[in-house]
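First the structure, in the form of structure tokens, and then the observations on it.
The values are calculated or read from the model by the stated rules, or taken from the named source; none is laboratory data. Bear in mind that the values here come from a model prediction, so they are computed numbers and not experimental data. So basically every Cβ, Gly included, is an ideal-geometry build from the backbone, and we count neighbours across all protein chains shown.
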């Protein structure tokens, strides 16, 4: 079965609210990454957190990683309508291997 | 970060024809590129890994003769959908490793995708 299962599958919030998306995976990883995909476009890398890190920030993004629970969360603070997109987590199990993408969370931020 | 250009962004073709999609790394050399297929509201499905100067590595269940991949240079990989049929209609996305990001970690830069519609 595929690693990287996100929940919720869909999330709808109002502008200004925070959005939290979760990702679970099954095997050991080197790092976990989050990508964003606008409708009909390619993916854009947002942030990477290594297996020895627990939390990372980048602007309005906050990522946590719990390797004991094999889970990660992506928090977008003070969301904007422009944050509307699909968000995917991706696990990198070994250096040089391919990434495994999760099923994604569709985030809708209502103005 | 690096830039990957994918062309065409959309294409409509008749059943039975072949369609070529190009993926170029604009400001870096990509010895490895990845081709994905994505159905509406679903995740990416890795089709094959394209290796410069050698044969592509296809994922299980992907027809090699149907989806021809050529990676003839360090900046260009092409995916040709041969004898396309309506069931091949999908969103195809390429990516390459961007070693400029995250200190050598396995981070991907994606093309904008190609929407294929087979009539």
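Observations on the structure shown:
- Scope region B:22-42; condition under 19 Å from residue A:88 (Cα atoms) and more than 15 Å from the chain's Cα centre (by Cα); matching residues: B:40, B:41, B:42
- Among residues that are touching a strand residue (DSSP E or B) at 6+ places or on another chain (Cβ under 8 Å), surrounded by fewer than 22 Cβ atoms within 10 Å (Cβ to Cβ) and over 19 Å from residue B:25 (Cβ atoms), residue B:74 is not included.
- Scanning region A:27-48 for residues that are more than 10 Å from every other protein chain (Cβ to nearest Cβ) and crowded, with 16+ Cβ neighbours inside 10 Å, we see that the one that is farthest from residue B:2 (Cα to Cα) is A:29.
- Residue B:62 falls short of the stated requirement of being within 23 Å of residue A:39 (Cβ to Cβ), more than 13 Å from every other protein chain (Cβ to nearest Cβ) and at pLDDT 95 or above.
- If you check A:24, A:95, A:79 for being under 26 Å from residue B:2 (Cβ atoms) and either out of contact with any helix residue (DSSP H, G or I) (no Cβ under 9 Å at 6 or more places or on another chain) or at pLDDT below 95 (or both), only one passes: A:95.
- Residues of region B:1-16 satisfying the condition of being away from every other protein chain (no Cβ under 13 Å) and either within 29 Å of residue A:5 (Cα to Cα) or under 14 Å from the mean Cα position of the chain (by Cα) (or both): B:8
- Of all residues in region B:34-51 being outside any strand (DSSP E or B) and surrounded by fewer than 17 Cβ atoms within 10 Å (Cβ to Cβ), the one that is farthest from the other protein chains (Cβ to nearest Cβ): B:39
- When residue B:105 is tested against the conditions (1) surrounded by fewer than 13 Cβ atoms within 10 Å (Cβ to Cβ); (2) without any contact (Cβ under 8 Å) to a residue 12 or more places away in the chain; (3) within 14 Å of another protein chain (Cβ to nearest Cβ), the lone failure is (1).
- Selection status of residue B:19, over 11 Å from the mean Cα position of the chain (by Cα) and either closer than 21 Å to residue A:88 by Cβ or within 11 Å of chain A (Cβ to nearest Cβ) (or both): no
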